[in-house]
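Enquirer: Structure below; questions to follow.
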Amino acid sequence: MTNALIVIDVQNDFCPGGALAVPDGDAVVAPINAMMGDFDAVILTQDWHPAGHSSFASAHPGHGPFDTTEMSYGQQVLWPDHCVQGTTGAEFHRDLRSDGDLIIRKGFRPEIDSYSAFFENDQITPTGLEGYLRSRGISDLTLVGLALDFCVAFSAIDARRLGFSVKVAQKSCRFIDLDGSLATQIENMRQRGVIFA
Ligand code: VGL
Ligand code: ZN
């Protein structure tokens, strides 16, 4: 059995003071750093949007942050501008160990958002992470990071769909909780066989 720690989006914009701050988001840094030595592989994801990205409310006149709109691929929450490529907000938290094996960037296509580390929000366009994991013989994943009810949940559910064994280390996650999203996504993960550790 080969296992991997997947560290989701521990970036400045998701930490206090950032553009899309997750409450207490920076509290995940120390426990995640402490976990890294326990895994055969460490993979970090980085939300990485071009300026004017279609998931930004600012790109949709008449809409504000946290509204929902219909995209070609379904419902999409509109966010404040965040994690714009090359900005400080898109950098990893300065204290996060970023010496993992792979950094996977997502959300770089202007017309489509990508919560999951595996597929963009159309649920078909792959990021390439599945192939990387399979070619390294990795079968067991532990997910941590931000935000539990968005990028962590979408990644965990896709990973189960692809047949990986998936744990979410809840103490090393923080959440947004938009319109009940936390309870909904915890239930969705449970139903698909995600283990909470
Ligand atoms: C995320 C909203 C928009 C996340 C990323 O990392 O959970 N949430 N982009
Ligand atoms: Zn984003």
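The values are calculated or read from the model by the stated rules, or taken from the named source; none is laboratory data. Computed from a predicted model, the values in this text were never measured in an experiment. Positions of Cβ are backbone-derived with ideal geometry, glycine not excepted, and every protein chain shown enters the neighbour counts. With ligands, DNA and RNA removed, areas are computed over all heavy atoms of the protein, side chains included. Shrake-Rupley method; radii C 1.70, N 1.55, O 1.52, S 1.80 Å.
Enquirer: For region 43-88, what is the relative contact order in percent, using Cα pairs closer than 8 Å and at least 6 residues apart in sequence?
Expert: Once normalised by length, the contact order is 40 percent.
Enquirer: Residues with beta-carbon under 14 Å from that of Gly193, excluding Gly193: net charge, scoring Lys, Arg +1 and Asp, Glu -1?
Expert: Residues near Gly193 contribute +2 overall.
Enquirer: Quick one: Karplus J couplings for region 133-150, per residue in order, coefficients 6.51, -1.76, 1.60, θ = phi - 60°, nearest Hz, x for Gly and Pro?
Expert: Those phi angles translate into 5, 5, 6, 8, x, 8, 10, 10, 10, 10, 9, 9, x, 10, 9, 3, 8, 10 Hz.
Enquirer: Along region 26-43, what does the Karplus equation 6.51 cos²θ - 1.76 cosθ + 1.60 (θ = phi - 60°) give for ³J(HN,Hα), rounded to whole Hz, x for Gly and Pro?
Expert: 6, 5, 7, 4, 4, x, 5, 4, 5, 7, 4, x, 8, 10, 6, 9, 10, 10
Enquirer: Another question, then. Per residue, how large is the accessible surface of the chain? Use a 1.4 angstrom probe and give square angstrom.
Expert: With all protein chains present, the chain gives 43 Å² per residue.
Enquirer: Would you mind telling me the share, in percent, of accessible area of region 78-197 contributed by carbon and sulfur at probe 1.4 angstrom?
Expert: On region 78-197, the fraction of accessible area on carbon and sulfur atoms equals 49 percent.
Enquirer: Return the long-range amide H neighbours of Arg174 (sequence gap of 5 or more, or a different chain), with a cut-off of under 5 Å between placed amide H atoms.
Expert: Correct list: Gly145, Leu148.
Enquirer: Which net charge results for the neighbourhood of Leu178, defined as the other residues with beta-carbon distances under 12 angstrom from its beta-carbon, given Lys and Arg at +1 and Asp and Glu at -1?
Expert: Taking every other residue near Leu178 into account, the sum is -4.
Enquirer: Another question about this same structure. Using a 1.4 Å probe, how large is the accessible area of Glu111, given in Å² and rounded to the nearest 10?
Expert: 140
Enquirer: Mind checking the full-extension length gain between Arg161 and Phe196? Use 0.36 nm per residue of separation minus the Cα-Cα distance, one decimal, nm.
Expert: Net length gain for the segment: 10.9 nm.
Enquirer: If you place +1 on the Cβ of every Lys and Arg and -1 on the Cβ of every Asp and Glu, how big does the dipole about the Cα centre of region 1-136 come out, in debye to the nearest 20?
Expert: Using Cβ point charges on Lys, Arg, Asp and Glu, region 1-136 gives about 260 debye.
Enquirer: Using R₀ = 25 Å, calculate the FRET efficiency as 1/(1 + (r/R₀)^6) where r is the Cβ-Cβ separation of Lys171 and Thr88; round to 0.05.
Expert: The formula returns an efficiency of 0.40 here.
Enquirer: Take every Cα pair under 8 Å in the chain that's 6+ residues apart, average their separations, divide by the length, and report that relative contact order as a whole percent.
Expert: The value is 25 percent.
Enquirer: While we're looking at this one, here's another question. Between Glu111 and Phe66, what length in nm is gained on full extension when 0.36 nm per residue of separation is reduced by their alpha carbon distance?
Expert: 14.4 nm
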